[in-house]
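Enquirer: Okay, handing you the structure first.
The values are calculated or read from the model by the stated rules, or taken from the named source; none is laboratory data. Small disclaimer: the values here were computed from a predicted structure and weren't measured. So basically every Cβ, Gly included, is an ideal-geometry build from the backbone, and we count neighbours across all protein chains shown. Keep in mind that these areas ignore ligands, DNA and RNA; they rest on the heavy atoms of the full protein, side chains included. Shrake-Rupley method; radii C 1.70, N 1.55, O 1.52, S 1.80 Å.
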Amino acid sequence: MVQPAPQASEPGTLAAGIPRSGEVIAHKYQIERVLGIGGMGVVLSAIHLHLHQRVAIKMLLPEVASNPESLSRFMREAQAASSIRSEHVTQILDVGILEGPGLPYMVMEFLDGLDLGQYLQRHQRLSIPDAVDYVLQACEAIAYAHRLGVVHRDLKPANLFLTYRADGTPLIKVLDFGISKVTQAGNSVALTATSFAFGTPLYMSPEQVRSAKYVDPRTDIWAMGVILHELIAGRPPFEGETLTALCAAITADPPRPLRRDRPEAPAELEAAILHSLQKDPALRPSSILDFAAAIAPFGSTAAGQLLTSIERIGAVNVPTLPRASGPAVDPHGTHSSWETGRLPSSPSRRWIALAA
């Protein structure tokens, strides 16, 4: 049975071309309401008229969709997310182009719950076992992505969605594989501060702060460390009153000690987080599996099974590379792996910074 449609958002808040409550798109999806609006797109709740199934529809805003690069990256997001066979990634059900305005959309499973950013706003922090378990669930999705050569590059609490399985156990879904980067003239400081065009500043690695182009899986490992610290401590390890101050702290300052805000946290867990927050990416865990193995002892009884699942996916170890502060040229006169996006040990692999 179809549930009653939630109250629709005020039509005047939507850009021209975005379907309103009650409209039907693709002859089968009836729009209910707006779930969220960002700098790049909008997410709508809808009902599949034939299956009586609630879905979420993500659509680019008209000014963003006019950029061909944005269209390409939007479709790449759908392809990447649908290729990751993990219960911890939102299922992509359909893609298409909206008749009339020509806006691309993707249809996703509808999730009940809240993201971990919202959870932190309500509860300030999590228990240590819950925080570790949630991050381990996200690590499974990221391990699969790294196996496919995909770097998420915008991991943050708001992109880890907490929902529940049929048996009531918590389930984390990693959102937004492939946020498109569009650099437009006239972006306001507020927009830059929230979306930063290349990621979210609080969770960006030093190499990503310097250049969003030169990142590999270790930037996701950094973000996982920041997220775990914040979930446990109730505040991130790097802070600043301005965007410039925050970026300076990320690139130069030591992280705030976890046990300053959570004294009961085990020293070994603090050390594992600090390992993921090394400024030099070569000094971080060599794979998301290594990071997961370091934190798993501090999770619940389910942590061991989560770690086993990550191990089965397989570790993708990143060889020691130059610091990710910019392009480099190797002694033989060829472009470095930072510049080409290829790992030296696997010439056919290209790391896809999906948020780039």
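Enquirer: In whole Å, what are the extents of segment 50-169 along the principal axes defined by its C-alpha atoms, from largest to smallest?
Expert: 49, 36, 27
Enquirer: Under the Kirkwood approximation for Rh and a Cα-based Rg, what ratio Rg/Rh is obtained for segment 198-307? Intermediate results must be reported in sequence, preceding the final value.
Expert: On the way: Rg = 13.7 Å, Rh = 14.2 Å.
For segment 198-307, the value is 0.96.
Enquirer: Report, in listed order, any pair from LYS28/LYS173; LYS156/LYS279; LYS28/LYS58; LYS58/LYS279 with a Cα-Cα distance greater than 24 Å. Let's see the in-between values first.
Expert: Working: LYS28/LYS173 26 Å; LYS156/LYS279 18 Å; LYS28/LYS58 15 Å; LYS58/LYS279 35 Å.
Distance filter (> 24 Å) returns LYS28/LYS173; LYS58/LYS279.
Enquirer: Per residue, how much accessible area does segment 213-270 have with a 1.4 Å probe, in Å²? Don't skip to the end; give the middle numbers.
Expert: Numbers: 2250 Å² over 58 residues.
Normalised by residue count, the accessible surface of segment 213-270 is 39 Å².
Enquirer: Beta carbons within 10 angstrom, averaged per residue: use that to sort the peptides 266-274, 39-47, highest first. Write down the numbers at each step before the final one.
Expert: Working: 266-274: 16.8, 39-47: 22.1.
Packing proxy ranking, top to bottom: 39-47, 266-274.
Enquirer: State the answer as a single residue: which of TYR105, VAL55, LEU162 lies farthest towards the positive end of the charge dipole of segment 50-187, with beta carbon charges of +1 for Lys and Arg and -1 for Asp and Glu, about the Cα centre.
Expert: Result: LEU162, furthest along the dipole toward the positive end.
Enquirer: Would you mind getting the accessible area per residue of segment 51-126, heavy atoms of the protein chains only, 1.4 Å probe, in Å²? Don't skip to the end; give the middle numbers.
Expert: Numbers: 3700 Å² over 76 residues.
Accessible surface, normalised per residue, equals 49 Å².
Enquirer: Moving on. Could you tell me what percent of the accessible area of segment 72-128 is made up of carbon and sulfur, with a 1.4 Å probe and every protein chain present?
Expert: Values: 1210 of 2830 Å².
In segment 72-128, the share of accessible area belonging to carbon and sulfur is 43 percent.
Enquirer: In segment 199-296, carbon and sulfur make up what percent of the accessible area (probe 1.4 Å)? Walk me through the numbers on the way to the answer.
Expert: Details: 1740 of 3350 Å².
Exposed carbon and sulfur together represent 52 percent of the surface.
Enquirer: If packing is taken as the average number of other Cβ atoms within 10 Å across a peptide's residues, how do 290-296, 150-156 rank, most packed first?
Expert: Numbers: 290-296: 22.7, 150-156: 27.0.
The packing order, highest mean first, is 150-156, 290-296.
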